[in-house]
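Contents: one structure, followed by commentary.
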Amino acid sequence: MTEKHKTPEITAEKIPETLPILPLFDAALFPKMVLPLVVMQPESIQLVDEAMSQDRLIGLVVAKKPVEGEGKVNARDSLNTVGTVALILKMAKTEDNKLQLLAQGLGRFEVKKYEQEKPYLKASVKHIKDIETKDKEIDALMSNMIDQFSRVAELSPGLPQEIVVMAKSIQEPGILADMISSTINSSLEEKQQVLEIYDIKKRLKEVTRLLNYQLEILELGSKIQSQVKGDMDKRQREYFLRE
């Protein structure tokens, strides 16, 4: 496997108004987050190769539903209109001609118009900034969210505790909501919904709702596991007493 290129510095002013669009089918990328991707389609590989030779910026847009046929994407019908500008941090080609990418989200955008369909999608986009306010309710939402997220991490063996430390260090409410949304076990549709909320307070409330639901599922699972273990222990004791 061979790796290419070093990471350039990208500022908001350098992000172009036209982006090559790479569809996502099983993941969503949020601003400031990092996502590993595997690219297999020839047209998508061409898109990445050309991006790597230029500014390494691509637009990632989640598909609304599974697309019939390999590599056939109808831009108007199959893709959401809100996506994430991403910088390709690393790109490596595998022996079977696939590409492995590590992409970092830079910001949200809305697709205004698809300018190109072949060989890959290219769209003119409008870059979106968060609608920010700072008040006591936002502080309370952030504090509650971190408490809930800490509990989710405790009940999720796959989540390292360091991720809670990372969440506690985030000062910006919008980034905190994005980070937690990208981490918890919510559906792709729910993640896309969060991506489409530009108002920070509304985004915090929506991620809190998703977080509470996830916590309820995990607590219920933990309770069931304890009950099952208790029943098994009781049966084992009764069996040994009978013996």
Portion, in percent, of the accessible area of the chain that falls on carbon or sulfur, probe 1.4 Å: 51 percent
Once the Cα atoms of the range 91-164 are picked out, what are the Rg and Dmax in Å? 20.0, 54
Amide H within-cut-off set for Asp55, under 5 Å, with H built and near neighbours excluded: none
Please compare each pair in Lys112/Lys191; Lys98/Lys129; Lys93/Lys191 to a cut-off of 26 Å on the Cα-Cα distance and tell me which ones are over it. Lys98/Lys129; Lys93/Lys191
At 1.4 Å probe size, with every protein chain present, just tell me what the per residue accessible area of the chain comes to in Å². 59 Å²
For the chain, set up a Gaussian network in which alpha carbons nearer than 10 Å are linked by springs, and say which option among Pro119, Pro16, Pro36 fluctuates the most. Pro119
Kirkwood Rh, the range 122-243, all Cα pairs: how many Å? 16.6 Å
Please report the Cα spread of the chain along all three principal axes, rounded to whole Å, starting with the longest. 75, 50, 36
Dividing the mean separation of Cα pairs under 8 Å (6+ apart) by the residue count of the chain yields a relative contact order in percent of 20 percent
Candidates Lys134, Lys126, Lys90; GNM for the chain (alpha-carbon contacts under 10 Å) flags as most fluctuating Lys134
Give me the extension gain from Ser150 to Val165: residue separation times 0.36 nm, minus the current Cα-Cα distance, reported in nm with one decimal. 4.5 nm
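The values are calculated or read from the model by the stated rules, or taken from the named source; none is laboratory data. All figures in this text were calculated on a predicted structure; none of them were measured in a lab. Remember, those area values only see protein heavy atoms, side chains included, never the ligands or the DNA or RNA. Shrake-Rupley method; radii C 1.70, N 1.55, O 1.52, S 1.80 Å.
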